[in-house]
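The values are calculated or read from the model by the stated rules, or taken from the named source; none is laboratory data. No experiment lies behind these values; they were computed from the predicted model shown. Cβ coordinates were reconstructed from backbone atoms using ideal geometry, including for glycine residues, and neighbour counts include every protein chain displayed.
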Amino acid sequence: MAKRPNPRAIKAARTYTVEEAAVALRVSIGTIRTWVKSGLPLMNSRRPFLILGDALRSFLEDRAKASKAPLREDQLYCFTCKTSRTPMGMMVDCIPQTVKTARLLGLCDVCGGTCNRMISRAKIDQFSEIFCVAFKEGQCA
Ligand SMILES: [Zn+2]
């Protein structure tokens, strides 16, 4: 698993281009673009698009906080409750994401919202013993 990017590698007072941010954090440019899509603020009024060091830092710190609560085997992460929850009826859908990963989707037993967990496809059998898994697209196993 990739090492978590260190927010302290970023200087709060300066601005970064996407390329500079990627170099400073030792991640790919694609990773930075994914972060922008998932909420990292980009100053895109003119080129080159810049990222404020301060914004980048807080983005990374928020992400680290969100992933801090470790999930138990029988839990997914609820986007609404922003914490780990067991899925309603222990029922989840398994949706393949990549050759190696799949997403488990269920309904939060507290708020009824969507909860989610990325798993390694190698562990699908293991999770099938815990959850009632419905396989989507028929290529999950
Ligand atoms: Zn919830």
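Taking into account only those residues within the range 103-124 that are touching a residue at least 12 places away in the same chain (Cβ under 8 Å) and in a helix (DSSP H, G or I), which is farthest from the ligand (Cβ to nearest atom)? If we take residues in the range 103-124 being touching a residue at least 12 places away in the same chain (Cβ under 8 Å) and in a helix (DSSP H, G or I), then ALA122 is farthest from the ligand (Cβ to nearest atom).
Just wondering, is there one or more residues in the range 89-97 that are more than 10 Å from the ligand (Cβ to nearest atom), within 24 Å of LEU40 (Cα to Cα) and either polar (S, T, N, Q) or without any contact (Cβ under 8 Å) to a residue 60 or more places away in the chain (or both)? Give the steps one after another, and end with the answer.
Applying the first criterion (more than 10 Å from the ligand (Cβ to nearest atom)) to the range 89-97 yields 89-97.
Checking which are within 24 Å of LEU40 (Cα to Cα) leaves us with 97.
Filter again for either polar (S, T, N, Q) or without any contact (Cβ under 8 Å) to a residue 60 or more places away in the chain (or both), leaving 97.
Within the range 89-97, one or more residues are more than 10 Å from the ligand (Cβ to nearest atom), within 24 Å of LEU40 (Cα to Cα) and either polar (S, T, N, Q) or without any contact (Cβ under 8 Å) to a residue 60 or more places away in the chain (or both).
I want to confirm something. Restricting to the range 125-141 and keeping residues that are buried (at least 17 other Cβ atoms within 10 Å of the Cβ) and over 11 Å from GLN75 (Cα atoms), which single residue is farthest from the ligand (Cβ to nearest atom)?
CYS140
So for the range 98-113 (the condition being in contact with a strand residue (DSSP E or B) (Cβ under 9 Å, 6 or more places away or on another chain), polar (S, T, N, Q) and more than 27 Å from ARG26 (Cβ to Cβ)), does at least one residue qualify? No, that holds for no residue.
Can you find a residue in the range 100-108 that is of a type outside the set (A, V, I, L, M, F, W, C), at pLDDT 95 or above and more than 18 Å from the chain's Cα centre (by Cα)? The answer is no, given that none of the residues of the range 100-108 is of a type outside the set (A, V, I, L, M, F, W, C), at pLDDT 95 or above and more than 18 Å from the chain's Cα centre (by Cα). Of the helices (runs of 4 or more DSSP H) entirely within the range 1-76, those holding at least 3 residues that are of a type in the set (Val, Ile, Thr) and within 29 Å of SER120 (Cα to Cα) occupy 29-37. Out of curiosity, is PHE79 within 10 Å of the ligand (Cβ to nearest atom) and either crowded, with 16+ Cβ neighbours inside 10 Å or closer than 14 Å to VAL110 by Cα (or both)? Criteria met by PHE79.
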